[in-house]
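Only the coordinates and a few stated rules stand behind these numbers; no lab work does. No experiment lies behind these values; they were computed from the predicted model shown. With ideal geometry, Cβ positions are generated from the backbone for all residues, glycine too; neighbour counts draw on all protein chains shown.
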Amino acid sequence: MSYNFYALISRMKNIDRWALMRNADRENVMEHSHMVAVLAHALAVIRRDIMGGSASPDRCATAALFHDATEIFTGDMPTPVKYHDEEIRSAYRRVEEGAIRKLSEGLPETMRPEYDLLLREEGEVRDIVKAADKLSAYIKCVEELKTGNLEFKSAASSTLTKLRAMGMPEVDYFLDNFMEAFEKTIDELSI
């Protein structure tokens, strides 16, 4: 038997993000997922080691790698469209669920439970991955603004507001302690 799960996952590199925006630096879903995994791991470490909470950095990072895997079938739905109203959001959830089933069918049955958990992110893992996803979007906006691309000005402002409104101390800690570095040049970072 030949299974197609990993071949499908490798297609994440073919899905561009931010399709409605002019981009100085293109980003695909695979690149985005890697950054979300790095950020989810960081947020979980901050929650566990700095804030004294509980979180599994490894589980959060792994779930983040797969958090947009359904976009292999759906493409990257622009946020203004995806969240326009509950009817569209509900329809999109059904499409995502079908994509998860299709991905899961690409694995041997004995492996499906592990990946089904990752593809459906629940509880604390879901919350951390969602925050890391939003943080990744904010970083993208900051990086675009750094190139002079004002197309991302409004998105940066609204995304930062949403991040602060999450009420997650680990997100605030990241923003307060790590975000400034994203505005620096490589020479400034090397000092």
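For the chain, modelled as a GNM with alpha-carbon contacts under 10 angstrom, which of SER104, SER90, SER33 fluctuates the most?
The residue that fluctuates most here is SER90.
About the Cα centre, and with charges only on the beta carbon of Lys, Arg (+1) and Asp, Glu (-1), how big is the dipole of the range 13-76? Nearest 20 debye, please. Write out the running numbers ahead of the final one.
On the way: 7 positive and 9 negative charges, 31 e Å.
The dipole of the range 13-76 has a size of about 140 debye.
Using a Gaussian network for the chain with springs between C-alpha atoms less than 10 Å apart, which of these wobbles most: MET179, MET30, MET111?
Top of the fluctuation ranking is MET111.
For the range 27-32, what does the Karplus curve 6.51 cos²θ - 1.76 cosθ + 1.60, with θ = phi - 60°, yield as ³J(HN,Hα) per residue in whole Hz, taken in order and with x for Gly and Pro?
My calculation for the range 27-32 gives 9, 9, 5, 5, 4, 4 Hz in order.
So how do ASP187, ASP25 line up by other beta-carbon neighbours within 10 Å, fewest first?
With the sparsest Cβ surroundings first, the list reads ASP187, ASP25.
Would you indicate which of [x] 28, 21, 16; [y] 34, 21, 16; [z] 22, 20, 18 is the value of semi-axes √(5λ) of the Cα gyration tensor in Å derived from the coordinates of this structure?
[x]
I'd like to know which of PHE182, ILE9, VAL171 lies farthest towards the positive end of the charge dipole of the chain, counting +1 on Cβ of Lys and Arg and -1 on Cβ of Asp and Glu.
Going by the charge dipole, the pick is ILE9.
Could you line up SER2, SER158 from fewest to most neighbouring Cβ atoms inside 10 Å?
Sorted ascending by nearby Cβ count, the order is SER2, SER158.
Just to be sure I understand: with springs between alpha-carbon atoms less than 10 Å apart, which residue in ALA91, ALA155, ALA37 has the highest mean-square fluctuation in the Gaussian network model of the chain?
ALA91
Taking the Cα centroid of the range 1-56 and of the range 109-184, what is the distance between the two, rounded to the nearest whole Å?
10
Please find the FRET efficiency linking SER154 to GLU180, where r is the Cβ-Cβ separation and R0 is fixed at 22 Å, and quote it to the nearest 0.05.
The pair SER154/GLU180 has a calculated efficiency of 0.55.
State the answer as a single residue: which of TYR115, VAL95, GLY148 lies farthest towards the positive end of the charge dipole of the range 5-189, with beta carbon charges of +1 for Lys and Arg and -1 for Asp and Glu, about the Cα centre.
VAL95
Measure off 7 Å from each Cα along the Cα-to-Cβ vector at MET111 and GLU97, then give the distance between these two points in nanometres to one decimal.
Output for this residue pair reads 2.6 nm.
To the nearest 20 debye, what is the magnitude of the charge dipole of the chain about its Cα centre, counting +1 on the Cβ of each Lys and Arg and -1 on the Cβ of each Asp and Glu?
Once rounded to the nearest 20, the dipole reads 320 debye.
Given points 7 Å out from each Cα along the Cα-Cβ axis, report the GLU86 to MET21 separation in nanometres with one decimal.
In this crude label model, GLU86 to MET21 measures out at 2.9 nm.
Calculate the dipole size of the range 100-158 relative to its Cα centre from +1 charges on Lys and Arg beta carbons and -1 charges on Asp and Glu beta carbons; express the result in debye to the nearest 20.
Approximately 240 debye in magnitude.
Contour minus end-to-end for ASN28 and ARG126, with contour as 0.36 nm per residue of separation and end-to-end as the Cα-Cα distance? Don't jump to the answer; show the numbers that get you there.
Working: separation 98, 0.36 × 98 = 35.28 nm, distance 2.14 nm.
Extending this stretch completely gives an extra 33.1 nm.
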